[in-house]
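Below is one structure, written out as structure tokens, with a few remarks after it.
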Amino acid sequence: MKTSANKPPEPPRWARNLLHWYCRPDLLEDLEGDLNEYFERNLKTKGARRARLIYVLDALKFFRPYTVRKPEFLNLLIHWLMLGSYFKTSRRSLVRNKLFSAINIIGLAVSMSVGLLVVAFLSDLFSYDRFHEKKNRTYRLLTHTESDDKTVMNFASTSLKAGYKIQETIAGVEDVTLIRRGFYSDAKVSDETIVPLEATWADPSFFKVFTFPMLKGDPATALKEPYSLVITEKTARKLFGEAEALGKTVRFDTLNYTVTGVLKDLPKLSHIRFEALISLVSMLGQKADSDGGVMDWSNIYQNYVYLTLPENANLKGIQAGLDKLSAAENTRLEHQKITLSLQPMDKIVFGERLSNEIGVNIPKPVAWVLIGLALVVIVSACFNYTNLSIARSMRRSREVGVRKIVGALKGHVLGQFLAESVIISLLALVLSFPLFLVLRTQFLALIPQEGLVSLELSPQLFLYFFILAVVVGLTAGFVPALFFARIKAIQVLKDASSIKVFRHVSMRKALLVIQYTFSLIFISTTLIGYRQYRGFLSFDLGFTTENILNIRMQGNKSNLLKKELAEIPAVRQIATSRMITSLGSLYGTNLKYQAKGTPDSANVWLNFVDENYLPLHRHHLIAGTNFKNRPTSGNETEVIVNEQLLKRFRITTGNPAEAIGKQVIVDKKPLTIVGVLKDFHYGTMDHKIEPTVFRYSAEEPGGYLNVGIKSEDYPAALASIEAVWRKFDKVHPLNAAFYDEQIEEAYRQFEVMVKVIGFITFLAICIASMGLFGMVVFTTETRLKEISIRKVLGASEVGLIFMLSKGFLFLLVIATLIALPVTYLFFDQVVLTKFVYHHPIGMSELLLSVVVIMLIAFFMIGSQTLKAARSNPANVLKSE
Amino acid sequence: MKGTNLGEFEELVLLTIAALINDAYSVAICDELEKYTGRAAKLGVVHAVLNRLEEKGLVKSRMGEATQARGGKRKRYYEVTHAGKVALTRSKEVREALWRIIPGFNLEGSV
């Protein structure tokens, strides 16, 4: 055993402090004594390490109800009495150190404005659907499908059959309502007013489940009769102006609907949104629905079922009922299994990602990223506060000393400095509020989903803001307050410089390094992200998108329009297509190929185009020709495929020309391959190029006209096209967009991301720079005498600047060494793996970000150190 | 007052205090218990029991003198009160009464 000639080992201090903190004073001495006795004993028998461990464990084990002390109200009372004094001293110290107060308050204000934005955003997300009276017991029916190859899909939609069956078979369900989406038609009120309208079918219990107040009409019967129409106030104004809407007739296509109710406009934060409701029975009455078995168990794509349960419902029992129901129905299904589950209404907006969402849904990662970014910026500003307060503690240590001698306890000093930081943080909150208002408009403009959040101010929101400010204040002030609380009064008053201000140097350095690491990560992320985003836009898709205007046909036949458009001089060429590729939408079908006896079939992507489509987009045919057989409807015989398709079905191995004339079966139609296209991007950059076919179709009322424009004067060309359109379709306004712009739109989420991160980067760099600036000012100030003496002894200015800045530069280098590899790996291993096609990460972006950060930092450090190095030593030394 | 019935461990602790006479403080009680019962007595548990016994009024305590040994902390000495003695005696009587009515008691095998 080791006999310790030097100091004997002691029990761990923190454990003892913990005991002191929680234990009742009358028990403390005895307990601590026991722990000490055991510790001494264990020291001899088990060694120092085990003894310490046992001490810690025992100290923790003593934590029992009877040992814990009651809170002392007297202390709190003293805090309250002293608040006036704290406030006064805080104000004085703020005014005395203007630069540092400014750095602290501005930094906190700027970062907090982002925090406020995130708080407002989250508060909106969590207040979705709160206006429903039965919100806590309303559920949505989710559908999960599992196919033979084990692919599982989760749908927000379900089958009508499920809805009806639940009503019939499952006990303990209060109300069930069935909703169906997909009614788009033109509402004709009179010959003059024809308004395109998007409506939702709903059954009579709709108003039992949801709380949408009805201004006119009877909620109980409004959706009962076939061809009943319930509209919102806004829609009523659109259709009838100021006239009474109830009881009026609206004509859709060939059928008359009667307005049976007018609803108050929907609250902004409702995940279900509609312009009008149509009674579900009207839809079921129309037999000639293209959608064959509306009531099929597997028809799960357009219908939604919501239900309310009684209070304290037996969820497990209902789930069991659902399982039983699906098990019974699944016996009639081949290749697929469908199961049902319930989703509480408050999990709809901010929950798991589902296919066929009916309305608003925020993916959780987006929210987490926003919270994370705001946190980083706020924490960075807190670091500044912590750093500067500790660095400048010498100035205030005397005040603390006097307070302690007069009778302040540790807790009081702690409270004082926490109160001070909270006051500063509240000041910052006041400043940050206008910033928040500015940010809010910017942010609302940036969100792709319109009306997703309103970010309206409310008393509740102000409460959240206040809480945020207090939390920020406590976080920022905690370490400095602890530092001041530990100051020993006598020592300070005897010799203020004896305080070990520099004891916390390594912590402060670490904080600076963290700030700069984040700044660097942000800036390089922004640069790389921007570069990748530009890369997506300029990526060679395999065909051209330049000067092509895509016009949505909105149900019109194209013959006439084509003829008239062709007469516009600016129009070069006109093509027809069912969909626009490379924008992210996919349109798939099944293709069969019989290769020497073994039939093979797979999913392929598809587009219907006319003969002008390929030349207009300059698709590259590597074998064969364009469509030769051009039937006006139906009897197509030809198909054009891409290289991937040949590879997938092993139609040819080498020469693509061999594929010409081979027959494939698409949607049960035998078609002959007449052309082979060079591979092109059918989907977005996150999709691999997969087998794709083009089929012929001369007429696409649901599709697009692709108009090649040759003029340089786009506005004029657009105006003349719009004039033609207006003659042609009086109901729908022209819906046209340039292909290039559509592609930009398809990648808009990345633009938004780059903008958001770019903005946060700017803030992070500002805050970090302010912090660095403060530290440099402080260091040079405290070392002014040293510098003067060095100068007198003959040090050169350059030498002095180097001496003063090398410490900071070293920290920046460490930050760089951490940040760059992290960013690179993050993009290389996480982000860009999601994109099959992308540009490589350029070293130039990484280097550029380092250069930018370094330049700013050099400027901060250089200006101050130069000032110090140039000061006249005589002036500095004289004043002593 | 809470129930005056003694739990098994409470009874053991109480007996130990009585046995240690003037030297009954927490660590000594732990050691003694360990010596006689052969099972490890945890400090936290013993403290909790001592606290409970004092609440029940079965023991009383006083602080001793400070010594060098425990980091300068004083010991808390315990002493069985009259109520404690009564409780101990009663529980002993109950046992003996029960023992007396067992006709013959044969320990088979080893203890």
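The values are calculated or read from the model by the stated rules, or taken from the named source; none is laboratory data. Predicted model, so just to flag it, every value in this text is computed and none were measured. Quick reminder, even Gly has a Cβ in these numbers, built from the backbone with ideal geometry, and neighbours come from all protein chains shown. Side chains are part of the model used for accessible areas, which takes the heavy atoms of the whole protein and leaves out ligands, DNA and RNA. Shrake-Rupley method; radii C 1.70, N 1.55, O 1.52, S 1.80 Å.
Remarks
- Hey, B:Glu55 open to solvent by 80 Å² or more (accessible area, probe 1.4 Å), at the interface with chain A (Cβ under 10 Å from one of its Cβ atoms), without any contact (Cβ under 8 Å) to a residue 60 or more places away in the chain and of a type in the set (Asp, Glu) or not: yes
- Hits in the range B:53-73 (condition: assigned to a loop (DSSP other than H, G, I, E, B) and not hydrophobic (A, V, I, L, M, F, W, C)): B:Gly57, B:Thr67, B:Gln68, B:Arg70, B:Gly71, B:Gly72, B:Lys73
- Within the range A:860-880, residues that are over 15 Å from A:Phe802 (Cβ atoms) have Cβ atoms under 6 Å from residues that are open to solvent by 80 Å² or more (accessible area, probe 1.4 Å) in these pairs: A:Pro873/A:Val792, counting only partners at least 6 apart in sequence or on another chain.
- Boolean, A:Phe802 is over 30 Å from A:Glu192 (Cβ atoms), at pLDDT below 90 and surrounded by 16 or more Cβ atoms within 10 Å (Cβ to Cβ): no
- Residue match in the range A:368-376 (condition: on the phi < 0 side of the Ramachandran plot, of a type outside the set (A, V, I, L, M) and touching a residue at least 60 places away in the same chain (Cβ under 8 Å)): no
- Of all residues in the range A:459-490 being in contact (Cβ under 8 Å) with a residue 60 or more places away in the chain and within 25 Å of the chain's Cα centre (by Cα), the one that is nearest to A:Ala381 (Cα to Cα): A:Val472
- Residue within the range A:722-737 that is touching a Gly at 6+ places or on another chain (Cβ under 6 Å) and closer than 30 Å to A:Phe443 by Cβ present: no
- Scanning the range B:68-94 for residues that are surrounded by fewer than 19 Cβ atoms within 10 Å (Cβ to Cβ), facing another protein chain (nearest Cβ under 9 Å) and within 13 Å of B:Tyr25 (Cβ to Cβ) yields B:Ala69, B:Arg74.
- Among the residues of the range B:32-52, those identified as of a type in the set (D, E, K, R), in a helix (DSSP H, G or I) and more than 12 Å from every other protein chain (Cβ to nearest Cβ) are B:Glu32, B:Glu34, B:Lys35.
- Hey, A:Ala243 without any contact (Cβ under 8 Å) to a residue 40 or more places away in the chain, over 23 Å from A:Ser159 (Cβ atoms) and in the same structural domain as A:Lys216 (by TED's automatic domain parsing) or not: yes
- Test: residue in the range A:56-67 that is surrounded by 13 or more Cβ atoms within 10 Å (Cβ to Cβ), closer than 30 Å to B:Arg52 by Cβ and of a type in the set (Gly, Ala, Ser): yes
- Of the strands (runs of 3 or more DSSP E) lying entirely inside the range A:628-717, those carrying at least 3 residues that are open to solvent by less than 60 Å² (accessible area, probe 1.4 Å) and touching a residue at least 60 places away in the same chain (Cβ under 8 Å) are A:692-696, A:704-709.
- Qualifying positions in the range A:155-195 - charged (D, E, K, R) and part of a loop (DSSP other than H, G, I, E, B): A:Glu174, A:Asp191, A:Glu192
- Selected residue [surrounded by fewer than 16 Cβ atoms within 10 Å (Cβ to Cβ), without any contact (Cβ under 8 Å) to a residue 60 or more places away in the chain and away from every other protein chain (no Cβ under 11 Å)] from A:Arg49, A:Arg41: A:Arg49
- Qualifying positions in the range B:20-31 - of a type in the set (D, E, K, R) and more than 10 Å from chain A (Cβ to nearest Cβ): B:Asp23
- B:Leu50 buried (at least 16 other Cβ atoms within 10 Å of the Cβ) and in contact with a Phe, Trp or Tyr (Cβ under 9 Å, 6 or more places away or on another chain): yes
- The set of residues in the range A:94-131 that are of a type in the set (Ser, Thr, Tyr) and open to solvent by less than 10 Å² (accessible area, probe 1.4 Å) comprises A:Ser111, A:Ser113.
- Test for B:Leu14: is it open to solvent by less than 30 Å² (accessible area, probe 1.4 Å) and more than 14 Å from chain A (Cβ to nearest Cβ): yes
- Filter result for A:Gln573 (of a type outside the set (Gly, Ala, Ser), in a helix (DSSP H, G or I) and under 30 Å from A:Thr684 (Cα atoms)): no
- Of the residues examined, A:Ile787 is one that is touching a Leu at 6+ places or on another chain (Cβ under 7 Å) and surrounded by 19 or more Cβ atoms within 10 Å (Cβ to Cβ).
- Meets criteria (without any contact (Cβ under 8 Å) to a residue 60 or more places away in the chain and farther than 30 Å from A:Gln644 by Cβ) for A:Pro733: yes
- Members of the range A:528-563 that are among the charged types (D, E, K, R) and either open to solvent by less than 70 Å² (accessible area, probe 1.4 Å) or at pLDDT 90 or above (or both): A:Lys562
- Apart from one condition, A:Lys337 fits all of (1) in contact with a strand residue (DSSP E or B) (Cβ under 7 Å, 6 or more places away or on another chain); (2) free of Cβ contacts under 8 Å to residues at least 60 places away in the same chain; (3) of a type in the set (Lys, Arg); the exception is (2).
- Some residue of the range A:252-259 being in the same structural domain as A:Ile338 (by TED's automatic domain parsing), within 35 Å of the chain's Cα centre (by Cα), farther than 30 Å from A:Glu329 by Cβ and at pLDDT 90 or above: no
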